[in-house]
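The values are calculated or read from the model by the stated rules, or taken from the named source; none is laboratory data. Worth saying up front: this structure is predicted, and the values here are computed from it rather than measured. With ideal geometry, Cβ positions are generated from the backbone for all residues, glycine too; neighbour counts draw on all protein chains shown.
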Amino acid sequence: MVDAAASFDGNRVAANEAPARAPASSQGRLTAAVSDGLADYAEFCASALFAPAQSPSWVRNWAAETKADMVIATLNTDSRPALSLALEVVRTGPFRVARFAGGRHANGNFPAADPRFLPAIDGPAIRSLFSAIAKARPGIDLVSLERLLPDLDGLANPLAALPNFPSPNLALAVDLDGGFDALLARASGKRKRKKHRSQTRKFEAVGSFRRIEARSREEVDRLLDAFFDMKEVRFAKMGIANVFGDEEVRAFFRALFADALAEEKPSFLLHGLDVAGKLRAVTGASRSGKRLICEFGAIAEDDLAFTSPGDFLFFDNIQEACELGFAAYDFSVGDEPYKRLWCDIEVQHFEALAPLTLKGRVLATGLRQGARAKAFIKNNPTVWKLTKMLRRKTAGQAAPAVVEDDS
């Protein structure tokens with residue numbers, strides 16, 4: 001849960017420390033204020049490179065809807081902002097952790113950075129930023145930076161300069177080079193087209209069907225309402241916690257996708273498959289340069305679940321991504337069979353932990369061990385299959401008939 005106890009009064013707290021080996025004059029500056037801090041962050045992002053979960057819209061809406069205790073930490077090089085971390089401070093048992101806003105919902109992370117200054121950002125420079133955080137907010141035990149992209153638009157992630165380790169989960173993507181026909185020629189296209197035609201006939205047999213892109217607040221609410229219901233059923237069957245269950249999280253996604261409607265090229269998009277007046281599949285995506293990223297998806301486990309409506313919607317989504325000139329369709333974090341039907345790119349995210357206190361060192365050790373255990377389980381097909389079976393039994397459910405696991 002987000003710690004919502006801290007208030008934002010607009011006060012700015014700063015702490016500077018020059019790193020020993022920084023290639024340029026660097027200093028860490030910490031801003032602990034929503035009014036000034038998030039405005040400065042948005043201004044910096046206007047000329048910076050960042051991943052979708054580090055966008056000003058994501059950070060602003062997460063802070064507003066969850067009342068998160070936000071910290072904006074900026075690294076200056078030659079008196080100009082070079083890198084900025086928008087972090088939320090949460091309580092984990094006896095620990096306080098600063099992490100990317102959104103927690104588990106933030107994937108494929110890349111901090112807001114000015115590409116011109118990336119060569120000047122090394123490990124000592126970033127550690128000076130953590131020193132600034134420790135001085136201004138001594139109650140924070142650990143800075144936890146998870147699911148980091150190795151690079152974005154060909155530029156290496158500056159946080160790779162820190163000691164790091166692989167994330168437990170792979171991310172999968174599809175190379176769209178050459179267009180949709182070329183993709184199908186590489187990926188069992190004849191079988192995919194045949195299945196798509198068969199699904200079309202099954203949908204037509206029960207009524208009309210159409211693919212929807214949310215273009216109004218009402219459509220955003222309709223698609224998200226359906227998605228939240230689908231996920232609640234799915235997670236219950238799987239025997240795991242519903243990360244979309246909290247009302248504040250749902251309000252965040254409503255605000256995020258609604259705000260994007262005002263953009264000429266919306267940075268966040270919702271698509272749905274409507275069959276006979278009911279949504280049978282929903283996906284939420286983000287734009288990131290030449291990549292279209294599927295942030296989440298779900299299907300209705302009803303009388304048409306056997307038709308694999310999620311596969312049908314992905315077919316159309318990927319085809320449109322090709323038509324719009326995207327270079328890759330990114331399925332984001334998670335290695336699932338339905339993704340493997342399309343994907344030919346594996347992306348290994350990494351994680352960096354920066355303890356700020358002795359308590360933080362203890363927590364970091366536990367998190368590293370936990371990540372290794374998760375990686376072992378998920379990379380061993382037999383163990384992973386057994387783990388999922390035990391989850392379902394614990395939830396008191398029989399094995400689901402539908403094998404899609406839209407995430």
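Out of R96, R91, R104, I need the residue that is buried (at least 18 other Cβ atoms within 10 Å of the Cβ), under 27 Å from T365 (Cα atoms) and of a type in the set (K, R). Which one?
On the way: R91 fails: buried (at least 18 other Cβ atoms within 10 Å of the Cβ); R104 fails: buried (at least 18 other Cβ atoms within 10 Å of the Cβ).
Selected residue: R96, the only one of R96, R91, R104 that is buried (at least 18 other Cβ atoms within 10 Å of the Cβ), under 27 Å from T365 (Cα atoms) and of a type in the set (K, R).
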List every residue pair whose Cβ atoms lie under 8 Å apart, where the two residues are 6 or more positions apart in sequence or sit on different chains, the first residue falls within the stretch 54-66 and is under 21 Å from N157 (Cβ atoms), and the second residue, located anywhere, is hydroxyl-bearing (S, T, Y) and surrounded by 24 or more Cβ atoms within 10 Å (Cβ to Cβ).
P56/Y41; V59/Y41
Residue check for V249: over 22 Å from A321 (Cβ atoms), of a type in the set (V, I, T) and in contact with a strand residue (DSSP E or B) (Cβ under 8 Å, 6 or more places away or on another chain):
no
Working carefully through the options G289, G277, G297, G284, find the one that is assigned by TED's automatic domain parsing to the domain that holds F227 and more than 22 Å from F331 (Cα to Cα).
G277
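Which ranges mark the strands (runs of 3 or more DSSP E) fully within the stretch 93-179 that have 2 or more residues being farther than 30 Å from D316 by Cα and aromatic (F, W, Y)? Walk me through it before giving the result.
Working: elements: 95-100, 142-148, 165-175.
Of the strands (runs of 3 or more DSSP E) lying wholly inside the stretch 93-179, those with at least 2 residues that are farther than 30 Å from D316 by Cα and aromatic (F, W, Y) span 95-100.
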Would you confirm whether any residue within the stretch 318-325 is at pLDDT below 95 and either among the small types (G, A, S) or in contact with a Pro (Cβ under 7 Å, 6 or more places away or on another chain) (or both)?
no
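This table checks each residue for (1) modelled with pLDDT of 55 or more; (2) touching a strand residue (DSSP E or B) at 6+ places or on another chain (Cβ under 7 Å); (3) within 19 Å of I126 (Cα to Cα).
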{"site": "D3", "(1), (2), (3)": "no, yes, no"}
{"site": "D9", "(1), (2), (3)": "no, no, no"}
{"site": "V13", "(1), (2), (3)": "no, yes, yes"}
{"site": "A32", "(1), (2), (3)": "no, yes, yes"}
{"site": "S55", "(1), (2), (3)": "yes, no, no"}
{"site": "R60", "(1), (2), (3)": "yes, no, no"}
{"site": "A68", "(1), (2), (3)": "yes, yes, no"}
{"site": "R80", "(1), (2), (3)": "yes, no, yes"}
Being touching a residue at least 12 places away in the same chain (Cβ under 8 Å), on the phi < 0 side of the Ramachandran plot and under 16 Å from the mean Cα position of the chain (by Cα) narrows it down to one residue among G272, G284, G289, G310; which is it?
G284
Selection status of A241, exposed (fewer than 13 other Cβ atoms within 10 Å of the Cβ) and in the same structural domain as A327 (by TED's automatic domain parsing):
yes
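How many of the residues in the stretch 206-242 are at positive phi and in contact with a Lys or Arg (Cβ under 6 Å, 6 or more places away or on another chain)? Outline the logic, then answer.
Within the stretch 206-242, the first condition is being at positive phi, and the residues that meet it are 207, 239.
Then keep just the ones that are in contact with a Lys or Arg (Cβ under 6 Å, 6 or more places away or on another chain); that gives 239.
Result for the stretch 206-242: 1.
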